[in-house]
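What follows is a set of notes on a single structure, which appears directly below.
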Amino acid sequence: MRIEKSAIDHHNQPLLTDHMHRWDSLATTLAHPESVIQKLADFQVAIPSWALGTGGTRFGRFGSGGEPRSLEEKIDDVGLLHALSRTAGAISLHIPWDIPSDPQGIRARAAELGLRFDAMNSNTFQDQPRQAFSYKFGSLQNEDSRIRRQAIAHNLEVIEAGVSLGSKALTVWLSDGSCFPGQLNFRKAFQHTLDGLREIYQSLPTDWKMFVEYKPFEPNFYSTTVGDWGQSLLYVTKLGPQAYSLVDLGHHLPNTNIEQIVALLLMEGRLGGFHFNDSKYGDDDLTVGSIKPYQLFLIFNELVEGMDTRSMHHGNDLAWMIDASHNVKDPLEDLLQSLEAIQIAYAQALIVDRTQLAAAQQANDVSAAQEVLQNAFRSDLRPMVAEVRRRQGGALQPMGLYRAQKVRERLIQERGSTTTSTGL
C-alpha cells in the first residue's frame with residue numbers, strides 16, 4: 001500500500017499553525033538554522049529488508065501480521081516509511097533472503113518510490129536449503145577449504161546482485177568463532193578469514209566499498225574471529241583502501257565507549273558505515289534512542305566533529321542504516337520512531353558550539369565542556385526535525401498519520417494475519 005500526498009497534506013493542515021509557531025520560536029534561538037535544516041534534509045538512513053518483519057528470540061517469535069512476503073512488498077514498505085518521514089531514502093538487502101529475480105524491475109520499483117539500494121549484506125551465519133556444506137563451525141575461518149570456498153563464492157554472488165541494483169558496497173558480518181577453549185586455533189582462524197576476505201575484496205568493483213562488521217559474542221560465546229573494532233581495523237588495513245570498519249551500536253560489550261571508537265576510526269579514515277539500534281544488555285536491537293539517548297547524541301557529536309575535520313559530506317561519505325529486529329512492536333512504527341530519534345540526535349550534534357567546546361577543552365575546563373554538550377542535548381529540536389519533513393513533503397507527525405491511516409490493519413487485510421517476512 002501507499003500513502004498519497006493528499007493524505008499527508010490533509011494530515012498536516014490542522015497541525016500547521018501550532019507547528020509553525022513552535023518552529024519559528026526555535027529558529028530564533030539557533031545560530032544557523034537553515035544550514036542545519038539542509039544537513040538534516042540530506043541525511044538519509046537505509047532501512048534493512050529484515051527490519052520490516054517482526055523479529056524474535058530463541059524463545060519465540062510473535063508476528064504482527066501483514067508482513068512483507070516478497071522483495072517487492074519490502075520495497076513498498078520502505079517507500080511508505082520514506083513518504084512519511086522523508087529520511088528513509090535507501091534500502092539494504094540481505095542475500096539470499098532477498099535475491100532479485102528481476103533486477104531491472106526491482107530497481108525501477110525502488111526508484112519510483114525515491115529509493116536507492118544501500119550496502120548488500122551477505123549471509124554465511126545460516127545454512128540455506130540445498131547448501132552443500134554447513135557453517136556450523138564457521139565459514140571463512142573453517143578448517144575445511146571447501147566450506148571456505150563456498151563462503152567466498154556466496155559473497156561474490158552478493159556483489160553480482162548488488163551491481164545489478166546499483167549498490168556500491170558489501171557488508172560482511174561473520175558469526176565465526178568458538179564456544180569453548182581449545183575449539184580452534186586463533187591465529188589460523190584469523191589467517192583463513194583474512195585470506196577469504198582478500199579474495200572477496202579483489203573482486204570488488206573499483207567504485208565499491210567493503211565493510212567488515214565486528215561483534216564480540218553471539219552465536220559464539222568464547223571467541224569471535226572479528227570480535228571488536230581493533231580486529232576489524234586490522235583486517236581492513238590489510239585488505240586495502242576500499243575496505244572499512246562498520247560500527248553496529250549493539251555489537252559492543254556493556255558500557256563500551258562507542259563514541260571514542262567512532263572518533264578513532266574516523267581519524268584513521270577507516271569508518272565506513274554505521275548501524276543504529278539501542279540496547280540495555282547486549283545486541284538487543286531495540287528502538288534507536290529508546291534506552292541511551294545521551295549516548296546516541298555523544299556518538300553523533302563525534303561523528304559530526306570527525307567528518308567536519310576530514311571535510312566529509314555527512315549524507316554521502318558514510319553508510320547509515322538502522323539494524324533492528326524487534327519482538328513486540330509493529331515493525332514499521334518502530335522504524336518511524338528510530339528515524340526520528342536519529343534525526344534528533346544528529347540535529348543536536350549539529351548545534352554544538354564547537355568554538356566554546358574547543359576553548360573549554362584547551363583550558364581543561366571540564367565543567368564548561370560538559371555544559372556545552374548538555375546544552376545542545378537538552379535542546380528540544382523536534383520542531384526542526386518536523387520542519388525538515390514538512391518542507392520535503394512528509395508528515396508533521398508520522399506516527400499519528402500512520403495510525404490514522406490504519407496502515408497495519410490495511411496490510412493485514414492485503415497480506416494476511418499470519419505472513420512471515422522472508423528471511424525471518
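Coordinate-derived values only; no laboratory data. Not measured: the values here are computed from a predicted model. Cβ placement follows ideal geometry from the backbone for every residue including glycine, while neighbour counts extend to all protein chains displayed.
Below is a table of values for the structure above.
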{"quantity": "Placed amide H near Thr171: partners under 5 Å, 5+ positions off or other chain", "calculated": "Met120, Asn121, Ser122, Phe211"}
{"quantity": "Eligible aspartates and glutamates near Lys329 by straight Cα distance, threshold 13 Å, same-chain separation 8 or greater", "calculated": "Glu67, Asp285"}
{"quantity": "Among 136-144, 363-371, the order from most to least packed when residues are scored by Cβ within 10 Å on average", "calculated": "136-144, 363-371"}
{"quantity": "For the range 124-132, Karplus couplings with θ = phi - 60° (6.51, -1.76, 1.60), whole Hz, Gly/Pro x", "calculated": "10, 9, 10, 8, 9, x, 6, 6, 5"}
{"quantity": "Alpha-carbon spread of the range 295-375, three principal axes, descending order, Å", "calculated": "48, 27, 16"}
{"quantity": "For Arg116, distant residues with modelled amide H under 5 Å away", "calculated": "Ala90, Ile91"}
{"quantity": "Entries in Lys5/Lys406; Lys188/Lys238; Lys136/Lys209 that, when Cα-Cα distance is taken, lie over 18 Å", "calculated": "Lys136/Lys209"}
{"quantity": "HN-Hα J in Hz across the range 303-319 - Karplus 6.51, -1.76, 1.60, θ = phi - 60°, x for Gly and Pro", "calculated": "4, 5, 4, x, 5, 5, 4, 9, 6, 8, 7, 4, x, 10, 7, 10, 9"}
{"quantity": "The range 342-424 - Debye-derived log10 I(q)/I(0), Cα point model, q = 0.19, 0.25, 0.26 Å⁻¹", "calculated": "-0.89, -1.09, -1.13"}
{"quantity": "Spatial separation of Cα centroids for the range 189-253 and the range 376-407, in angstrom", "calculated": "36 Å"}
{"quantity": "Convex hull volume per residue for the chain, taking Cα atoms only, in Å³", "calculated": "144 Å³"}
{"quantity": "Net lengthening on full extension, Cys179/Leu264 (0.36 nm per residue, minus Cα-Cα)", "calculated": "27.6 nm"}
{"quantity": "Residues with amide H under 5 Å from that of Ser139, placed H, sequence gap 5 or more", "calculated": "Asp176"}
{"quantity": "Value at 222 nm in deg cm²/dmol, rounded to 500, when DSSP H runs of n ≥ 4 in the chain each add -39,500 (n - 2.57)", "calculated": "-14500 deg cm²/dmol"}
{"quantity": "Theoretical gain in end-to-end length, Leu16 to Gln202 [0.36 nm per residue, Cα-Cα removed]", "calculated": "61.6 nm"}
{"quantity": "Packing rank of 172-181, 23-32, where each peptide gets the mean count of other beta carbons within 10 Å, highest leading", "calculated": "172-181, 23-32"}
{"quantity": "Cα-Cα P(r), the range 62-169, percent of pairs per 10 Å interval", "calculated": "14, 38, 29, 16, 3"}
{"quantity": "Where labels lie 7 Å past Cα in the beta-carbon direction, separation of Ser417 and Ala27 in nm", "calculated": "4.8 nm"}
